[in-house]
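See structure below.
The values are calculated or read from the model by the stated rules, or taken from the named source; none is laboratory data. Worth saying up front: this structure is predicted, and the values here are computed from it rather than measured. A quick note on method: Cβ atoms are made from the backbone with ideal geometry, for glycine too, and the neighbour counts reach across all protein chains shown.
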Amino acid sequence: MRSTVLAAVLAATLAAGCGGSPSPEETVSAAVSGLSKGDAKKVCAQLTPAAKTKLLAVLADDPPLIEPVQASSCEEAITKVHAQLTQPIRAVLEDGEVDDAKITGDKAVVHVTGAGVDVELQKVDGEWKITDGLFKR
C-alpha cells in the first residue's frame, strides 16, 4: 500500500513538473529571443499558419526597421530578417523580455518590452500561438 501511494505521489509530481504548454509570455519570449539569435525554426514554431502568411506579406511590403524581405517560407524570412538586425537590436531582443499577458478567454496580448510592440496570441489545440504583432508597422 505504501509503495502504491508513493508511486502515485511521484507520478503526480512528475506530471506537474512536465506541465502543460508554455504560457503566452513564454511563447512570445521564445519567438523574440529566437529572432535575436537567428533561430528561425524556434520563431516560426510560435506562429499560427495564418500569422506565417501575414509575416511574409508584411516583410515583403514595408517592414519596420529593415529593408523588405522576399521569402517563400517563414524560416527563410526570419533568417533574412536576422541578417539585417544590427548587434544593438539583437542585444535588446536577446533576453526576450516581455510584460505579463492580458488574457481574455483563448486570446492574449503580450507587450515586448525591448521592441515596444504588442503581440497577439490565440490558444490553438491547447497551445498559445502568435497570431499578429511581431512586425507591425
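Could we say that GLU120 is within 13 Å of the chain's Cα centre (by Cα) and modelled with pLDDT of 95 or more here? Spell out how you get there, then give the answer.
Details: within 13 Å of the chain's Cα centre (by Cα): yes; modelled with pLDDT of 95 or more: yes.
So GLU120 fits the description; yes.
State whether one or more residues within the range 86-108 are in a helix (DSSP H, G or I), modelled with pLDDT under 95 and within 22 Å of THR131 (Cβ to Cβ). Checked the range 86-108: at least one residue is in a helix (DSSP H, G or I), modelled with pLDDT under 95 and within 22 Å of THR131 (Cβ to Cβ).
Here the condition is being hydrophobic (A, V, I, L, M, F, W, C), surrounded by 13 or more Cβ atoms within 10 Å (Cβ to Cβ), closer than 13 Å to SER36 by Cβ and touching a helix residue (DSSP H, G or I) at 6+ places or on another chain (Cβ under 9 Å); of VAL69, VAL109, VAL81, it holds for VAL81 alone.
Residue-by-condition table, conditions (1) within 18 Å of VAL112 (Cα to Cα); (2) modelled with pLDDT of 85 or more; (3) touching a strand residue (DSSP E or B) at 6+ places or on another chain (Cβ under 6 Å); (4) part of a helix (DSSP H, G or I):
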position	(1), (2), (3), (4)
ALA51	yes, yes, yes, yes
VAL58	no, yes, no, yes
PRO68	no, yes, no, no
ALA77	no, yes, no, yes
VAL81	yes, yes, no, yes
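The set of residues in the range 32-61 being in contact with a Ser or Thr (Cβ under 6 Å, 6 or more places away or on another chain) and surrounded by 18 or more Cβ atoms within 10 Å (Cβ to Cβ) consists of ALA40, GLN46, ALA51.
Taking the range 30-49 as the range and being of a type in the set (Gly, Ala, Ser) and not in a loop (DSSP other than H, G, I, E, B) as the test, the residues that pass are ALA30, ALA31, SER33, GLY34, SER36, ALA40, ALA45.
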